[in-house]
Structure formats: structure tokens, C-alpha cells
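Trainee: If you scroll down you'll find the structure; I have some questions about it.
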Amino acid sequence: MKYALFLGCKIPSRLPAYEASTRAVLAHLGVTLVDLEFTCCGYPARNVSRDGFVVSAARNLALAERAGLDVLTPCTCCLGTLRHAQVLLDEDAPLRSRVAQALAADGLAWSGKAAVEHVLPLLARLIGTNKGATVPAAAVSVPRTGLRVAAQYGCHALRPANVARFDNPMAPTIFETLIRATGATPVDWPRRLDCCGDPLHEGNPPLAEHMTRAKIADALASGAEVLCTACPHCHLRFDAVQSGAPDPSLRTLLYTQLLGQAMGLPAKSLGL
Amino acid sequence: MTSGRGNSCDVAVIGAGMAGMAAALFAAERGLSCIQVGSGGGILFASGLLDLLGVHPVAEGRLWRSPYAALAALAREQPGHPLARVDPGAIRTAFESFVAALGEAGLAYAPLRGRNRSVLTALGTLKTTFGVPLSMVAGANLLEAPGGRQPCLLVDFRGLREFSARQIAATLGDRWPGLRCQRIDFPGFEAVPELYAAHLARALESGETRERTIALIQPLLGDAHAVGLPAVLGLGHSRAVHAAFEAGLGLPVFEIPTMPTSVPGLRLLGALERVMAARGVRRRHLSSVRALARNGNPGTMTLELDGVPGGERLSARAVVLATGRFSGRGLTADRGGVRESLLGLPVQQPASREAWHQRDFLDPSGHAINRAGLRIDAAWRPLDASGQPAMPRLYAVGSILAGQDWMRAKCGSGLAIATAWAAMEQVADHLGGAGAG
Amino acid sequence: MSRTLFHMALYAALALGALGLLWRMAAWFRVRIGPDARAVTPAERVGALFRGAASALFSRRLLHVVAALFLDVLLQRRLYANDKLRWLGHLLMFFGFMLLLLLHALAPVVTVPLFPGYESTLAPWLFLRNLCGAMVLIGIALFLYGVWRRRTRFAPVRGPMAAAFIALLGFVLMTGFLLEADKIASPQAFHRMAQENGVTDPAELEPLRALWAAEYGVAFSDLRQPLTPELLEKGRAVHAEGCESCHARPQSAFVSYPIARALASVAGALDAARADVWLLYLHVFACFVGLATLPFTRFYHAVAAPVSLLVDAAAPKREFSAAARASRRALALDACVRCGLCDTDCSVAPLARHLGNPTLLPSHKLIATGALAGGSLLASGHEDDALRAAEGAFLCTDCGRCTSACPVGLDLEDLWEAGRGDLAAANLPAPAQWVRARTASAWAELLRQGQSAHVLSDPDAALAPLSADRNSFSRCVQCQTCTNVCPVVAHSTDPGCGVDLTPQKVMNLLRLGMRDFTLGSRMVWDCATCYQCQENCPEGIRVADIMVELRALAVHRLGAVRNWKAPS
Ligand SMILES: Cc1cc2nc3c(=O)[nH]c(=O)nc-3n(C[C@H](O)[C@H](O)[C@H](O)COP(=O)(O)OP(=O)(O)OC[C@H]3O[C@@H](n4cnc5c(N)ncnc54)[C@H](O)[C@@H]3O)c2cc1C
Ligand code: SF4
Ligand code: SF4
Ligand code: SF4
Ligand code: SF4
């Protein structure tokens, strides 16, 4: 199995542990990851230019297409943005031809062949979890028994569902199933599907902080020991808001790290 | 039955209103793999109260204490009504099963008895219904108490415009002398001029806000035997919030549904989605079926979906049409009359546009157009122009069916649940008989 | 060449170069980039430098500095990692040039004391000089090819100074080779040497001439005898006596010698024109010009870039004090060599091309950051440049790829953050901020006055097709579901930072044809794009998509009536 790994802008510079743990876990499961010369997924451009956003995204999709690979991303925002661009390209013919022109300047073309996938569903398939499974997956050698974990889904993995095509946006289960697969116990917390607040941290910091703190307090009150993430934006957001405090009260952990631990991979390879 | 991977399934349900949800649930309970297309439907507008049959005949506006007696009357007097086609015993089973599933998903209902209940509305009127959420049942108990209505405190929140305790007390006061009302500031939202119920519901899921609210109500209790609040006691975790209020106040606490769209509507939708997720129903949100075709006889059916890049094709052995009426977009009205939107199936309707409505818009007997819909055979299959089933494995359920006026008959959920149950019985029968492995 | 003239020119060039260098280096402590840099004085910055240097010198960091000197400065490890071709070119240029400088230009102070018996016309020096010169020339060629190969629509701003520097370097090398070739071929030079060595007797002179014509490349036009082996043998004997100690055969000058052969037919004419003299003047004075102008050509990077690399090695970035950071940023402006490697790797390069705005690209942004700090970007008449620079600065994703690509190891993300601070201080913050300066209705009023009010023109449709198409929102039944599920409205409990509208009200304004009243709305700008509204809307309205489109539209339409002026 082979994918083009799309790390996006945040992971390499701000959260290298996510790249390390993703690579470690996927290598362990026999997935080959290819690095292409990807650029920004286009998310920041959305506020300025719809075409600019789609061109940015389509360039990446076209690169993967040229390499004959599907795209795998550990970032839910990149997932949402790349898939959003696919939808727009699909439904808006004039846009499609404008984008084709821009891509042609680089000798690229988009036809929609390259699919975009997030790491979580791939892992769910690889470690063979069934919905509602209660036993650790076969790949797990050091089950994280007893660890109470709150799943942070991230907005753009879930919504809008027709674009994200990730899980039931109102009642997703994939993350909890994956947590159970490591032997840990998922906690049910009222704000699990809420926005982490990250998109507002530049425009309206106090409001963003209000949102983030509400989530952390909720997860703690629900008995979580660990807040498990699958998106660099959410992850960094929780860490940033808690970093002022003497010691962060709710530990954040990337899902790839949790799974890596459960598979007995060395901590260092997981960026821990 | 087919294992149900990827894009193929035993049953594809088109529509995610009450009828579509019920159909998908019953399909899953019968072990059929199911894909359900569509979002929301009318559920958001619902109050969480599950009507079975409250009014019959519609023209007389007669309210029934027992829905089953009403059903019997309906069967006698209006045998063409979809509800009249379902065995009452099956309706009972279907409701039990539906409510049990909601309970598993965290939305608890009071045990169903064989009778309709009276529930207080935000307007101060009483609504006749059948299934009552646990969080509202204390109100019904008070209203129906044989020894007269006991003192009760209604609390509302400054800024929550859709709910006024004072208005309810004013409307009901002369019939309920012990009814008092109080207004408080919602903790944490003191500076917000306009409140929205769902935001309060989410806030109350935090223990701290809950404690502060309870502490504000405590001193106001006086002689009250129960406390009524707008329906804001939690969203996904309403059961815990309601329990905490009852424990904190030491009295029965009940919610009064606010105007649609309300927290109970969101709760119901959320709970139904959790039901679908737990039963492995594969959902296709925010997309719609563009075309439906069949391959072979009876063969499989292909559904083409809109709203996903490159489109998506589903393959199903049976299809349930639960696309609702005009608001659900199952029916379309134009100059030529009313059509079924997806396949253009013939719709039983008034002969001319003039006959759609009564002269008086508020005429209690309703309008002919509200009874328009699909005609079906005994196996719940919609008929084509020649009076034959349009497709051998196409079924129709819910409000798209002809011969009913669910809004006036107060039978919306009943219609959805009962017809879904009955149709799914046929589906299982047909698919089982088709010798699937 | 006159010694006094030479020395006068040399000292003048040295003095000019040194003064220029001081002037430019003073900028490292003077130029202020970033709000935090405004809080520290130049004196504090100089102090921080000395403290930093001292603590690095007397700690284990010294090892890092030494390692950086070899790996980063001399061997260009970072360039190697990013562009092998240009690395090779740079290495050839650098080592070729440094060897020429040390062994040739500074021969009296370096080579002569180190190698007793050094003569520039002996082996291996003839060969080495040619080798070094050729290295530089090949290096230039490789480098230019490398630049060409990675060319993009927006080349880094290299400016005339970069071209002048390359031209001067080429000129020095070409005059050097020509001078050497001329000296090889010149009969006049031969006769002068013969005279100096006392070879005047024709019986000795003729065989020597024959030998030098046959084996040393001198282009005599008046050889009287055929070059017989006996004659050459005689010549060799004379040569062995007087010349051999200073002159090796020039064939090892593998560049100059072929040139000398090519010049053979005009050697006499060149002699007559005193080519050796003016070529020498040109060669030497070109070097002096290079020296004097060093601080003002791109050659200055040879000073600034190593300093930057060594400073980096001296202290980990995160430990920099505000004063040190301030100097570090100013230094970065000088240390950037405009290689453009950052631009190639930049995450938003495709967007830069799409928007036609090069200031999204790091090398351009660096210049804009400098221009902002220096004040020239805020001068009147440059409003458009300033606005574009702001657009570029705030579209950066902070991905850090520029920083890892930079062969000089500049901490570009720090520079970008500082630059954004400066932009904000100049009233050019991110759109999410400048829109806040007015209320939604004040913006709508401005639009009305600007007569650009609500028209569904084509560019609008491309930017915000949903909000331009009634069908996408006309079905809204104002049910409030979107507002009920909106976390931003839910968390707006503090009126100071809360939203003004709700998603449902935004949709209603669209339905009423009052789109202009939404553009500056807090709701539109504070929307977290969580998509709860869109997911839950019973009418399938793409509420969140519309919100985002309205922002893009606002950036353009409100931007047009914003009327930004540089703070005076
Ligand atoms: C205002 C209001 C108040 C209500 N109050 C009550 C109450 O008090 N008690 C009670 O019991 N019930 C109440 N209800 C709910 C009521 O029970 C149901 O709405 C009614 O039974 C109709 O349900 P339905 O599933 O047939 O249709 P709808 O709810 O209309 O659902 C139709 C579904 O089909 C989908 N659809 C249509 N076309 C396509 C297509 N081509 N492809 C995919 N999907 C498609 C739509 O998206 C929608 O999901 C209320 C409803 C409303 C609107
Ligand atoms: S940090 Fe900014 S300027 Fe640097 S490469 Fe990334 S997007 Fe480009
Ligand atoms: S910032 Fe660095 S990488 Fe960019 S042009 Fe300057 S020296 Fe090159
Ligand atoms: S949820 Fe949809 S229909 Fe309801 S108010 Fe919002 S946009 Fe309008
Ligand atoms: S997408 Fe924006 S408007 Fe919609 S619910 Fe989220 S924050 Fe609110």
C-alpha cells in the first residue's frame, strides 16, 4: 500500500512528532509513504480568493495524480480543504477550466483521479477494527488498558459530511473505535464534536480561548486523562492554551502516538 | 443478507426525516444492511413529543384519550388512511422498539402506556401526544393529577425570547391557581441580550453552570411541588442534566418545549443519528438521490447521489422512499399539479388546483392538498399510472403517502413509525423470499 | 606601475571599504524590525552582541561556532542540502576566489613568506592561478545555470548590484588571464627580462629567443634563424643559467597559454600599445573598486552571511534576548543573498502566482520587511506596495519551509512575525483585524458612498458565487437552527469580544438583498468555519461556505473603500 504523504504547513515546523509517529506507525503496518513537492492545501487562501484556494489545492492533487498515488494526510483541515476543492472542481465547470489553465503553466492537470484520505480511517482499516469492537486490535502488543481518553475529532474531518466523507458527522464512532483498539477506554464528553477554537485565534483571541477552555474543562470533568487528537491545529491549540499554566492539566496525545505506544514502538520514534 | 460493504446494501432508505430514520432503524433491527441518504428532514422542527394519533376525525377536531381507540375508529371510518393499514399490535411493537432505541442513544422516554398524554406547550396550551420524553413527563403528571393541579413554579431566563413563563401562567392561571412564574439571569450569559436555547442547553452540560443555575432557582421554590423550565436541560447529555436538576432542587423538574426549532428537536435528531451509527446504518449526509433505476427483475437498484465529488452510485436490493411531502421535497407542486419529485410517480391529488384548499384557510377539516400523496399496494409499494407497483422492490413510507393529514390528525411520528415498520416487514419478507445468501 | 599610485589606490580602497562596512554594519544595531525591537536602544543591542559573543567564547557553544565556521560557512552545508548544483558553483567560486586572494593578490604577505623561492611564473603557481581562475569562472556559470533552472515567475529581486558584482568579478578574472597571456606572448617583456638578466650578447640571445619562441610561447615576429635542435639546445643552456630559477614553461597556465597562442599574431601590436601596462591597471583597479564598493554590492553577503551563520551557532534561537533578536533581524536583511531557494520551497508560491503578488514569497517579503522598517514602504505614493506587502505577509502559513531552505540559516519565521507586527502598527493588520475598525453598517455606508454598492458583477460571482446567487439562500426559513448550533454565538457571552449578528441573521440580510451589511460583520469574520450550521440546516443551505465567501468578497470590496493612508 502506497500513499503520497501530505503533511500540510503546520506539522513539519510545529509538530514534528506527528510526522514521526505517523511514519513510524504506518511503516510498522506496511504502508509506504512517498514525499512529493506539495504546497499549502489552500485553506488560508479561502478568505481572499476562491480561485486561489482551489488552484492551491488542485496543484497538490495534480501532483499526486501525476505520481499515480492517492493522498494521505494526518491533518483534518488539509483533508477538508483538499476535498472541498474536489467538490468545487466537480460542480463548477468554469472554475475547472480556469484552474486547468493555471495548472497547465506548471505542466500539471487535475482530473480527480487522486483520492484524499485521512490517517484515521486508513488506520481503522489497517488494524481491522470493527464498529463497536471492544478488544484491542491484533497489531497491539502493549494495550493501554485503563487509560481514559477523550477523542477530539476536529471540525473539518466531520463537516460538511458530503465533503469530508469521514464518518457520521452527528454521531461519529471511528475515533472511539480506534481508541478501544489500543486497549484504552474512550470517554463520552459533551463537547467532543465542538470546534477547538483554533481558526479564531488570530481574529478574536479571547473568543477562541473561551472555546478552547470550555472543551478542556469538559473533557476533564468527563474523566479524561488524555485528550487524543488527529489534527495538528487542534493539538497545538490545546497545548498553546494550557502552556501558560504551571503544568498542563490535560495531557494531549496524538492518536498515532497512542497507537504507536500500544504497538510497542519506541517512544523516540513517536516523538515522545 | 448481503454483508453491506462499500456502496451496496440490502435496503437503501431515501430520506432522513422521522419516517426514513424509523425505516433505517427497523431495517437494521431485522438484520438488513442499510444505507440512508439525506439530512435532517422535519425532525428539527419536532418537539420531541411522539404523536401516535391524537385527533379523529380531523374535521371535528375530536381529541382521543386512547390512541388505540382512535386507531380503531380510523380503521372503521377511513380505511384508506395509511395508519389504518397497520395492525395496532404492530404499531405498539414499533413504538416500543423506536423508543427503546432512543433510550439507548441517551434520549429517555417515559414508559409508553396505552393512552395519550397532555403536555404543556410554550404558548400555555395543552398538547395531546403519545410518547413523552422523561424530561417532560413530570409536567404531564402534574396536569393529569387526579387530585387537582398542585402548586408549581415556572422559571424562565432573561433574554430567551422564545419562552415566557409569564405568558404560560397568564394563559393557564385561572385553571391552575398554584402556578407561579419567575425570571432569572442565566449564569454566564448575564451580558447577552438575546439567548438561544441550544446554547443554554450546552452550557448546562457543564457541572459548574448547572450548580449555579440550581442555586439561583432554589430560593424561589416556595410551596412548589414541581419546577417547569424551558427545554434547555442539556443536549446530548440531557438525561444527566435533568437528573442533576431534580436531585439539586429536590423536586420533580420538567421541561416545556420551546418554539421550533428547539432543543428537543436537536436532541431527537442527535439521538437518531447515534441510533443509526450504533446499528451500523451507513449514512450519506447532505447528499440527495438524483436518480433511481433498476437492473433486472426484481434485480438490484442503482441510486445516483448528488453532492459528493464525482457523484456516488449505490446499489441496493430494495429501496424505501421516505422523502416526505412538500417541505421534505418528496412532492413538488407546479402548474400541472403535484408530482412525486424523484421518479415522477403519479400523486393522488385534488382534480384541480382550485380544489387544493378550502375556502377558509383555517377550516378545521383541513385541505385536500394536505391529503395528497402516493398511492400504494398492500405491500407498501407506490403505484405507477397503470395502478401497478412502480418497481418490484420500491416501497414508500411516512408523510409522502396519500390519504392522511398528519399535522391535523396529530399523528406525524405515528405515521412515520408505523408505516416504516409495516413496510420493512414487507421488505424483509421479499428479500428473504428472494433467497439472498 | 607606479608604487605610490598603487599604494594610494589601495589605501583609498581599503579606507572606503572599511568606512562603508562600518556604516552598513551599524545598521545591524540601528534598524528596527518588529514591535519588540522598538523597545531596545542601539546601545543595548551592541551590549547584547558583546555579552552574547563573550558567553559563546567561554562556553561549549564555541565548538558549535567552530563547527559552523567549517560546515556552514566554508563548506556551505545548508546549500548542499537544498541545491547541489548551486552548492558546487558556490564552492568553486568561493575556493577559487579565496585562493586567488591569498596566494596571488596577497602574495607578498602570504605566499612569499610561506614558500621561500616563490615566483609567480614558476610551477605550480602558474597552473594553480589558472586553476583558481577557471574554478571561479565555472562556478559563475554553474551558479547562473542553477538560478536559471529554478526560475519562476517571480525571480528574487537581485537588482543591479548583484549583476554589477558578477560583472566585476568576471572582469577581474578576464583582465587577469589576458594580462598573463599578454606577458607570455610579449616579445617586449622577453627583452626586458633578458636585459635585466644581462643576456645581451646575440650569441646567447638568439638561442634563448629561439627556445622561448618554441617552448615558452613568446610571439617574436623577427626570428632570424630556423629553430634547429642545436640552436634550441644552446638556448636551453642559456636558459638554465639565467632564467630557469624564475620561469617554468607556461603551458601549465592552461587558460592563459592558449590565449597567448591566440594572441600571437597581435603580440607586437599589443606591445606597441603597452597592453601589459593598461591591463595591469585595469586588473588591479578593478580589484580596488571591488574592495571599495564591497559593502554596497552583493559581495557584502560575504561578510554578513558568515556573521549571521556564526551568530546563529553562538546561541540557540530561542535564547535570544529582545535586543539580540532585534539585531539578528536587521542582520538578516543584509545576510540574505537573494538566492531565492526559499521562494521555490514556499508553501504559498502557487497562490503568489495566482494572486500576482510576489510579496507572498519569502525573498520578496524580506525586502518588503526591510522597506517597512526603513520607512520607504510607508512613503506616500507607495500605498499599493504597502497594501500588497500586507496581503503577502498575512497569507504566509508559517510553515517554516523558507527557514529550512535558507542557506544562510536566517530565522525567517521570526522575521515574518516581526514584520506582521510592524504592519499592524502601521494600521495594516490582517483583514480579520482591519475590518473590525468599523461596524458592519459603517462599512455598508462607506460602500454606498463609494458607489460600489450591491451589484452582482462578475468578479463578485467568481469570489462569492453562492452569495451572488439567490437560489443558494432563498430557501432559508429563518428557523434559527444555524444559530442554535453555532459555537461562536454560543461563546459570545462577553459583549466585548462577541459577535454582532448570528448566522441566521446573516442569511436574512442576504435574503433581503442587503449583502453589503454582512461584509463587515463580526459574525462573518469570527466564523470558525466549524460547519455546524451547514451540517444542521434543515434546508440544506451552505451557510458556512457563504460566510467564507463573504470574507473573500469583503477583503476586495471593503479593501477598495478602505482608503488606507500611511500614518504620518
Ligand atoms: C413543524 C413541524 C412540527 C412537528 N411536530 C411534531 C410533533 O409535535 N410530534 C410528532 O410526532 N412529530 C412532529 N413533527 C415531525 C413529523 O413527525 C414528521 O416531520 C412527519 O412525519 C414527516 O416525516 P417524513 O419523514 O415523512 O418527511 P420529512 O420529515 O419531510 O423528511 C423527508 C426527508 O427526505 C429527504 N429527501 C427528500 N428528497 C430526497 C432525495 N431526492 N434524496 C435524498 N433525500 C431526500 C429530505 O432531505 C428529508 O430528510 C413535526 C414536523 C414539523 C415539520
Ligand atoms: S513560512 Fe511563509 S514565507 Fe516561509 S515558506 Fe512558509 S508560507 Fe512561505
Ligand atoms: S532568505 Fe535565505 S533562502 Fe531566501 S533568498 Fe535570502 S538567502 Fe536565499
Ligand atoms: S438553519 Fe438554514 S433555514 Fe434555518 S435559519 Fe439557518 S440558514 Fe435559514
Ligand atoms: S461555521 Fe461559522 S457560522 Fe457556522 S456554526 Fe460554525 S462558527 Fe457558526
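The values are calculated or read from the model by the stated rules, or taken from the named source; none is laboratory data. These figures come from a predicted structure and were not determined experimentally. Every residue, glycine as well, gets a Cβ built from its backbone with ideal geometry; the counts of neighbours run over all protein chains shown. With ligands, DNA and RNA removed, areas are computed over all heavy atoms of the protein, side chains included. Shrake-Rupley method; radii C 1.70, N 1.55, O 1.52, S 1.80 Å.
Trainee: Is any residue of the stretch C:243-280 close enough, with backbone N under 16 Å, to a label point placed 7 angstrom from the Cα of C:LEU5 along the Cα-Cβ axis, and if so, which?
Mentor: C:273-280
Trainee: Students often get this wrong: which residues of the stretch C:273-292 have the backbone nitrogen under 18 Å from the point 7 angstrom along Cα-to-C-beta of C:LEU19?
Mentor: C:288-292
Trainee: Compactness ratio of chain B: Cα Rg over 2.2 N^0.38 Å, N = residue count?
Mentor: Scaled against compact globular proteins, the figure is 1.02.
Trainee: While we're looking at this one, here's another question. Sketch the reach of a paramagnetic label on C:ALA203 as a point 7 Å from Cα along Cα-to-Cβ, and name the residues of the stretch C:228-245 whose backbone nitrogen lies under 18 Å away.
Mentor: Residues passing the 18 Å test: C:230-242.
Trainee: Which residues belonging to the stretch C:360-402 lose at least 30 Å² of 1.4 Å-probe accessible area when the assembly is complete, relative to their chain isolated?
Mentor: Those residues are C:LEU395, C:THR397, C:ASP398, C:CYS399, C:ARG401.
Trainee: Then there's this: Give the A-B buried accessible area in Å², both sides summed, 1.4 Å probe, nearest 100.
Mentor: 1500 Å²
Trainee: Next question, about the same structure. Just name one of C:ALA248, C:PRO187, C:VAL277: the one whose Cα is farthest towards the positive end of the charge dipole of the stretch C:184-279 (beta-carbon charges, Lys/Arg +1, Asp/Glu -1).
Mentor: Looking along the dipole axis, the top candidate is C:VAL277.
Trainee: Next question, about the same structure. Working from Cα positions, state the angle (0 to 90°, nearest 10) between the long axis of helix B:88-104 and the longest principal axis of chain B.
Mentor: Relative to chain B, helix B:88-104 is tipped by roughly 60 degrees.
Trainee: Sticking with this structure for a sec: Efficiency by 1/(1 + (r/R0)^6): what FRET value for C:THR152 and B:ASP334, r their Cβ-Cβ distance, R0 = 41 Å, to the nearest 0.05?
Mentor: Step by step, r from the Cβ atoms, then E = 0.15.
Trainee: What part of the accessible area of the protein assembly as shown, given as a whole %, is carbon or sulfur when the probe is 1.4 angstrom?
Mentor: Carbon plus sulfur share of accessible area: 59 percent.
Trainee: Here is a follow-up. Would you give the gap between the C-alpha center of the stretch B:264-325 and the C-alpha center of the stretch C:338-366, rounded to a whole Å?
Mentor: 46 Å
Trainee: What number do you get for the protein assembly as shown when its Cα radius of gyration is normalised by 2.2 N^0.38 Å, N = residues? If you can, show how the numbers build up before the last one.
Mentor: Details: Rg = 40.9 Å, N = 1277, 2.2 N^0.38 = 33.3 Å.
Ratio of Rg to 2.2 N^0.38 Å for the protein assembly as shown: 1.23.
Trainee: I would also like to ask the following. What size of dipole, in debye to the nearest 20, comes out for the protein assembly as shown about its Cα centre when the only charges are +1 on Lys and Arg C-beta atoms and -1 on Asp and Glu C-beta atoms?
Mentor: Taking the Cα centre of the protein assembly as shown as origin, the dipole is about 1800 debye.
Trainee: Among C:ALA155, C:VAL110, C:PRO202, which residue has its Cα furthest toward the positive end of the charge dipole of the stretch C:80-226, with +1 on Lys/Arg Cβ and -1 on Asp/Glu Cβ?
Mentor: Going by the Cα projections, it comes out as C:ALA155.
Trainee: Considering the options C:LEU428, A:GLY264, A:LEU122, tell which one lies farthest towards the positive end of the dipole of the protein assembly as shown, charges being +1 on Lys and Arg and -1 on Asp and Glu at the Cβ, about the Cα centre.
Mentor: About the Cα centre, the residue reaching furthest to the positive side is A:LEU122.
Trainee: Once each part is reduced to its C-alpha centroid, what is the distance from the stretch C:527-568 to the stretch C:145-224 in angstrom?
Mentor: 68 Å
Trainee: Expressed in nm to one decimal, what extension gain is obtained for the pair C:ALA302 and C:ILE138 from 0.36 nm per residue of sequence separation less their Cα-Cα distance?
Mentor: Value of the extension gain: 57.1 nm.
Trainee: What is the dipole size for chain C, taken about its Cα centre, with +1 at each Lys and Arg Cβ and -1 at each Asp and Glu Cβ, in debye to the nearest 20?
Mentor: Dipole of chain C, to the nearest 20 debye: 1280 debye.
Trainee: Please find the FRET efficiency linking C:PHE95 to C:TYR118, where r is the Cβ-Cβ separation and R0 is fixed at 22 Å, and quote it to the nearest 0.05.
Mentor: The computed FRET efficiency comes out at 0.65.
Trainee: State, to one decimal in nm, how far the label point of A:ARG251 lies from the label point of B:LEU220, with both points 7 Å from Cα in the Cβ direction.
Mentor: Taking the simple label geometry, A:ARG251 and B:LEU220 are separated by 4.5 nm.
Trainee: Over 22 Å between C-alpha atoms is what I'm after, so list which of A:LYS10/A:LYS268; A:LYS10/C:LYS317; C:LYS365/C:LYS565; B:LYS410/C:LYS505; A:LYS2/A:LYS113 land there.
Mentor: Among A:LYS10/A:LYS268; A:LYS10/C:LYS317; C:LYS365/C:LYS565; B:LYS410/C:LYS505; A:LYS2/A:LYS113, the Cα-Cα distance tops 22 Å for B:LYS410/C:LYS505.
Trainee: Quick one: among B:SER206, B:SER135, B:SER39, which has the greatest mean-square fluctuation in a GNM of chain B with alpha-carbon springs under 10 angstrom?
Mentor: For chain B, modelled as a Gaussian network with Cα springs under 10 Å, the answer is B:SER206.
Trainee: So between B:GLU208 and B:ASN297, what do we pick up on full extension, going 0.36 nm a residue minus the alpha carbon distance?
Mentor: Fully extending the segment from B:GLU208 to B:ASN297 adds 25.9 nm.
Trainee: Which residue, A:LEU254, A:LEU63, A:LEU88, tops the fluctuation ranking in a GNM of chain A built on C-alpha contacts under 10 Å?
Mentor: Largest GNM mean-square fluctuation: A:LEU88.
Trainee: Taking a probe of 1.4 Å, how large is the accessible area per residue of the protein assembly as shown, in Å²?
Mentor: 40 Å²
Trainee: A further question follows. With a 1.4 Å probe, how much accessible area is buried between chains C and A, both sides summed, in Å² to the nearest hundred?
Mentor: 3800 Å²
Trainee: Mind checking the angle between helix B:207-217 and chain B's longest principal axis? C-alpha axes, 0 to 90 degrees, to the nearest 10.
Mentor: With rounding to tens, the tilt is 50 degrees.
Trainee: Now a separate question. What does the charge add up to near C:VAL303, with Lys and Arg as +1, Asp and Glu as -1, over the other residues with Cβ less than 9 Å from its Cβ?
Mentor: Values: positive: C:ARG24; negative: C:ASP334.
Taking every other residue near C:VAL303 into account, the sum is 0.
Trainee: Please list C:THR518, C:THR344 in order of solvent-accessible area, largest first, computed with a 1.4 Å probe with all protein chains present.
Mentor: C:THR344, C:THR518
Trainee: Another one. Please find the FRET efficiency linking C:VAL266 to C:ALA53, where r is the Cβ-Cβ separation and R0 is fixed at 51 Å, and quote it to the nearest 0.05.
Mentor: The formula returns an efficiency of 0.35 here.
Trainee: Between the stretch A:1-39 and the stretch A:56-110, how many Å separate their Cα centres?
Mentor: With the stretch A:1-39 and the stretch A:56-110 each reduced to a Cα centre, they are spaced 19 Å.
Trainee: In terms of solvent-accessible area of protein heavy atoms at a 1.4 angstrom probe, what is the ranking of A:MET211, A:MET1, highest value first?
Mentor: These residues rank, largest area first, as A:MET1, A:MET211.
Trainee: Relative to the present Cα-Cα distance, how much length would full extension add between B:ALA247 and B:ASP377 at 0.36 nm per residue of separation?
Mentor: That pair, B:ALA247 and B:ASP377, stretches by 41.6 nm at full extension.
Trainee: With charges set only on the Cβ (+1 for Lys and Arg, -1 for Asp and Glu), what does the dipole of the stretch B:248-376 come to about its Cα centre, in debye to the nearest 20?
Mentor: In debye, rounded to 20, the stretch B:248-376 gives about 460.
Trainee: Could I ask something else about it? Which percent, to the nearest 5, of DSSP beta bridges fully inside the protein assembly as shown are antiparallel? Mind showing how you got there, number by number?
Mentor: Values: 27 of 75 bridges.
Given both bridge residues lie in the protein assembly as shown, the antiparallel proportion sits at roughly 35 percent.
Trainee: Using alpha carbons only, how many degrees (0 to 90, rounded to 10) separate the axis of helix B:67-77 from the longest principal axis of chain B?
Mentor: That helix lies at roughly 40 degrees to the long axis.
Trainee: If you average the sequence gap of Cα pairs under 8 Å that are 6 or more apart and divide by the length of the stretch A:36-146, what percent do you get for the contact order?
Mentor: Relative contact order here is 28 percent.
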